[in-house]
Amino acid sequence: MSAADGTGTWTWRRTWAQSIASPGRLALGAGLLVLSFAALYALSLVVQLPMSDIEVYRAEGQAAATGGDLYGFTVTKWALPATYPPFAALLFIPTTWVSLTTLKVTCVLVNAALLALLIHLSCRAAGLRRAAYSAPLVLVTTALGLWLEPVFQTVVFGQINLALACLVLWDLSRPDGARFKGFATGLAAGIKLTPAIFAVYLLITGRVKAAFTALAGFVVSVLLGALVLPAASVEFWTRRMFETQRVGKVWIVDDQSLQGLLARLLHTTEPGMWWLAAAAVTGAAGLWIARRVYVRRGLDLWGVLATAVVALLVSPISWSHHWVWCIPLVAALVAHARRDVWRWALATAVTVAFAARSMWALHHRGTLALHFSWWQQPLAAPYPVLGLALLAALAWWTRGAPGRADAPRGRSAARVPAPRVDARRPTGSPTS
């Protein structure tokens, strides 16, 4: 996934020059983005967009700035508490400097910019360099990407998922040996614990230095939080981080984790040992698959995506808006498609699945989610089903020995993208 092939600057200049040289396409992309924002604004007039999470972040920043009880308050009509580590509260302090209305508008604009950045990073990591640096294409895909369910929910709730995904993907897409590679991933884990799994991925794929750098970034975040908010730090790391019930109910359709799937499938609010066993098996198998993709195919992006899916599956709760990793997944599928009609159909089907909102189409009010019939279960849990299918597909794709072409012989075999090797590394070594 390295960008260090000597063409970065040349590609940037050439593609942006081509974009500027085609003002019609640039205007079309900008117009489509404005139209998308207008549709979002019109929707907000008809249906009030809650943006409740940005209110929680603001309250966290206020508590951190004034010395209030960080984990003792609740805000909004849903009585939402703070659930992130103290380090995150320090980063939220600037949200208290403006009015709530200004903050919400700013949050929408910043998330749109972060979506554009994630699209750029995803295309670059997938090898789609012309797309990554094409201003019209980035504008168009940003306009359309705003309506993918995980992205839309992130905007609606004022969440930070896009920011964390950008931070991790930018960090991991840097070449091996890059200064402080892993540190940003560690900081992301200090904001929200789940990105810590990417440090494990770095470790099991032999990037020991980067893995320990990620650990250093995490430790720095913990120490900063403890230095400024010592009491809150003790409270979080000894008590609050284990209280998953503070986050929400695991069985509602909002939860697109493995535990949510099992809770609805078993018609119980507490899947208990069933979930623990399934999470342990999925976590171990998923990380093994991620490592095998990196070692046998040299495709770091697919390894990162497998790791992201593992994190989303085994997390006690993964709200639908946590699945913004659908953006790099679609980019990887498009890069893999080449001229194969079936692969393009697969990329399209995955995109449609993340735009369909099938879980919201079901009658799920109250405890109805605990009484879904068997045919409703995939509709109620589209993302964990897709995640498990992705891990299974990657396991099948990498079933051969290292260096062996696993694709069928013939014309289709040539369409499997070959790993791109960093010119500065020995031939045959995995790229990063």
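The values are calculated or read from the model by the stated rules, or taken from the named source; none is laboratory data. Computed from a prediction, not measured in an experiment: that's the story for all the values here. Because the Cβ atoms are built from the backbone with ideal geometry, glycine has one as well, and the counts that use them run over all protein chains shown. Protein only, heavy atoms only, side chains kept; ligands, DNA and RNA dropped before computing areas. Shrake-Rupley method; radii C 1.70, N 1.55, O 1.52, S 1.80 Å.
Report the net charge of residues surrounding Leu203, where surrounding means a beta-carbon distance below 11 angstrom and charges are Lys +1, Arg +1, Asp -1, Glu -1.
+3
Using the charge dipole of the chain (Lys, Arg: +1 at Cβ; Asp, Glu: -1 at Cβ; taken about the Cα centre), state which of Leu35, Leu305, Gly190 has its Cα farthest towards the positive end.
Final value for the positive-end residue is Leu305.
Is the range 135-192 rounded, prolate or oblate when judged by the Cα gyration tensor, a ≥ b ≥ c being the square roots of its eigenvalues, rounded requiring a/c under 1.5 and prolate requiring a/b larger than b/c?
It is oblate, given that a/c is not under 1.5 and a/b is not larger than b/c.
Under the Karplus relation 6.51 cos²θ - 1.76 cosθ + 1.60, θ = phi - 60°, what is the ordered set of whole-Hz ³J(HN,Hα) values for the range 136-143, x standing for Gly and Pro?
For the range 136-143, the Karplus curve yields x, 5, 5, 5, 5, 5, 5, 4 Hz.
Relative contact order (percent) for the chain, with alpha-carbon contacts under 8 angstrom and 6 or more residues of separation?
The value is 18 percent.
For Leu80, enumerate residues with amide H under 5 Å from its amide H, sequence gap 5+ or separate chain, H modeled in the peptide plane.
HN-HN under 5 Å from Leu80: Val75.
Which angle between 0 and 90 degrees, to the nearest 10, do you get for helix 341-356 versus the longest principal axis of the chain when only C-alpha atoms count?
Approximately 10 degrees, to the nearest 10.
Please find, in a Gaussian network model of the chain (springs between Cα atoms separated by less than 10 Å), the residue of Arg399, Arg365, Arg291 whose mean-square fluctuation is greatest.
Highest fluctuation among the options: Arg365.
Tell me, what HN-Hα J-couplings in whole Hz come from the Karplus equation 6.51 cos²θ - 1.76 cosθ + 1.60 at θ = phi - 60° for each residue of the range 160-172, using x for Gly and Pro?
10, 4, 5, 5, 5, 4, 4, 4, 5, 5, 4, 5, 6
Would you tally the net charge around Ala188, using a Cβ to Cβ cut-off of less than 15 Å, leaving Ala188 out, and scoring K and R as +1, D and E as -1?
Spelling it out: positives minus negatives among the neighbours equals +2.
List the residues whose amide H sits under 5 Å from the amide H of Phe180, counting only those 5 or more places along or on another chain, with H placed 1.01 Å from N in the peptide plane.
none
Which residues' amide hydrogens lie under 5 Å from the amide hydrogen of Asp255, considering only partners 5 or more residues apart or on another chain, with H built in the peptide plane?
Residues meeting the amide H criterion: none.
Which aspartates and glutamates does Lys181 reach when only Cα atoms under 19 Å apart count, and residues fewer than 8 places away in its own chain are ignored?
Here the aspartates and glutamates satisfying the reach criterion relative to Lys181 are Asp5, Asp171, Asp300, Asp422.
With everything on Cα atoms, drop me the angle between helix 23-46 and the longest principal axis of the chain, reported from 0 to 90° to the nearest 10.
30 degrees
Computing the accessible area with a 1.4 Å probe over protein heavy atoms, can you report the carbon and sulfur percentage for the chain? Before the final figure, lay out the partial values.
Details: 13990 of 20270 Å².
Its accessible area is 69 percent carbon and sulfur atoms.
In whole percent, what relative contact order does the range 225-305 give with Cα contacts below 8 Å and a gap of six or more residues?
14 percent
Once you order the gyration tensor axes a ≥ b ≥ c over the Cα atoms, which shape class does the range 86-137 get: rounded for a/c under 1.5, otherwise prolate or oblate by comparing a/b with b/c?
oblate
Could you tell me the distance between the Cα centroids of the range 51-94 and the range 168-233, to the nearest Å?
Here the two parts' Cα centres lie 23 Å apart.
Quick one: if the Förster radius is 35 Å, what FRET efficiency do Trp344 and Ala42 give, using the C-beta to C-beta distance and rounding to 0.05?
The pair Trp344/Ala42 has a calculated efficiency of 0.60.
On average, how much accessible surface per residue is there in the range 189-311, in Å², for a 1.4 Å probe, leaving out ligands, DNA and RNA?
On a per-residue basis, the range 189-311 sits at 43 Å².
Determine the calculated [θ] at 222 nm for the chain from helices alone, applying -39500 (n - 2.57) to every DSSP H run no shorter than 4 residues and normalising by the residue count; nearest 500 deg cm²/dmol.
Rounded to the nearest 500, it is -19500 deg cm²/dmol.
Classify the range 180-279: rounded, prolate or oblate, from the alpha-carbon gyration tensor (a ≥ b ≥ c, eigenvalue square roots; a/c under 1.5 rounded; otherwise prolate if a/b is larger than b/c)? Display every interim value, and only then the final one.
On the way: a/c = 3.08, a/b = 1.51, b/c = 2.04.
Oblate is the answer for the range 180-279, as a/c is 1.5 or above yet b/c matches or exceeds a/b.
I'd like to know which of Leu379, Cys107, Leu287 lies farthest towards the positive end of the charge dipole of the chain, counting +1 on Cβ of Lys and Arg and -1 on Cβ of Asp and Glu.
Of Leu379, Cys107, Leu287, it is Leu287.
Heavy-atom accessible area per residue, the range 327-389, 1.4 Å probe: how many Å²?
It amounts to 55 Å² per residue over the range 327-389.
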